[in-house]
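To start, the structure under review is shown below, and the notes come after it.
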Amino acid sequence: MIIKSATFICSNTKVSALPVANMPEYAFIGRSNVGKSSLINMLVNQHGLAKTSQRPGKTQLINHFLINEKWYIVDLPGYGYAKVSKNSRESWEKFIRNYITKRESLQCVFVLIDSRLEPQKIDLEFCCWMGEIQIPFVLAFTKADKQSAVKTDKNIAAFKKALGGWFEEIPPCFVTSAEKHQGRDQILDFIEQTNLDFAMPILTPKED
């Protein structure tokens, strides 16, 4: 897939205020500081489209980016960042759940996992929740350039093994590096193929 355009459309916390669900969209989510914004910018080859920050938990809104005027990338707030108020965390979690469970045009969720780490409980729990509500998801292991390929492979294998306790079949996995553009072609090819199966959903009014 060739990316010809990538445009920021809107930010909000209300499912009812999202763009009309008439095009396929792909949500990106992960632990805070997993490299989500950098990965999105790498995929669209546009530095600064998704805002990066050294401060974890910066993304607090649902951000829609229109790609090639045909499909959306959706940047969701990171989970698991402790240095916010309990009320703020609960509010984020509520609208993340609402978006994932109610968005008719959502084709797949990219769950980002830091490849430098051994399996983290919060990542495994989120994947299990996705399985429970039967939302399609794939795994994108980030920051692969920050260590040896052997270490990356070891951590990915450990994560798959841990996930295997809940899933009969492990979701597709992508190994990525925003710095090296690793995994870009594979992810875009996956999205391109998935777009072919998109069917216009029957839209109904939503409540937040």
> Considering only DSSP beta bridges with both partners in the chain, what is the antiparallel share in %, to the nearest 5?
Replying inline: 40 percent
>> If you average the alpha carbon positions of the range 121-139 and of the range 162-205, how far apart do those two centres end up, in angstrom?
In response: 13 Å
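At 0.36 nm per residue, minus the direct Cα-Cα distance, what do Glu132 and Trp166 gain on full extension? Give it in nm, one decimal, please.
Numbers: separation 34, 0.36 × 34 = 12.24 nm, distance 0.98 nm.
Gain on stretching Glu132 to Trp166: 11.3 nm.
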> Straight-line reach from Lys4: which aspartates and glutamates have a Cα under 13 Å away, not including same-chain ones fewer than 8 places off?
Replying inline: Glu69
> Roughly to the nearest percent, how much of the accessible area of the chain is carbon and sulfur, given a 1.4 Å probe?
Replying inline: 49 percent
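With r defined as the distance between the Cβ atoms of Asn12 and Ala157 and R0 fixed at 35 Å, what FRET efficiency is calculated, to the nearest 0.05? Before the final figure, lay out the partial values.
Details: r = 39 Å, r/R0 = 1.11.
Once rounded, the FRET efficiency stands at 0.35.
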> Which of the residue pairs Lys94/Lys121; Lys14/Lys102; Lys51/Lys121 have a Cα-Cα distance greater than 22 Å in the structure shown?
Replying inline: Lys51/Lys121
> Is the shape of the range 105-208 rounded, prolate or oblate, going by the alpha carbon gyration tensor and its root eigenvalues a ≥ b ≥ c, with a/c under 1.5 for rounded and a/b larger than b/c for prolate?
Replying inline: oblate
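Per residue, how much space in cubic angstrom lies within the convex hull of the C-alpha atoms of the range 8-47? Let's see the in-between values first.
Numbers: hull volume 4.1 nm³, N = 40.
In the range 8-47, the Cα convex hull volume per residue is 102 Å³.
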>> Taking amide H atoms as placed 1.01 Å from N in the peptide plane, list the residues 5 or more away in sequence, or in a different chain, whose amide H sits under 5 Å from that of Ser32.
In response: Tyr79, Tyr81
> Over the chain, what is the relative contact order in whole percent, taking alpha-carbon pairs under 8 Å and six or more residues apart?
Replying inline: 26 percent
> From the square roots a ≥ b ≥ c of the eigenvalues of the alpha-carbon gyration tensor of the chain, which class results: rounded (a/c under 1.5), prolate (a/b over b/c), or oblate?
Replying inline: rounded
> Where does each of 101-110, 119-128, 161-170, 136-145 land if you order them by average Cβ count within 10 Å, highest first?
Replying inline: 136-145, 101-110, 119-128, 161-170
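The values are calculated or read from the model by the stated rules, or taken from the named source; none is laboratory data. All of these numbers come straight from a predicted model, not from anything done at the bench. All Cβ positions, glycine included, derive from the backbone under ideal geometry; neighbour counts span all protein chains shown. Side chains included, ligands, DNA and RNA excluded: accessible areas come from the protein's heavy atoms. Shrake-Rupley method; radii C 1.70, N 1.55, O 1.52, S 1.80 Å.
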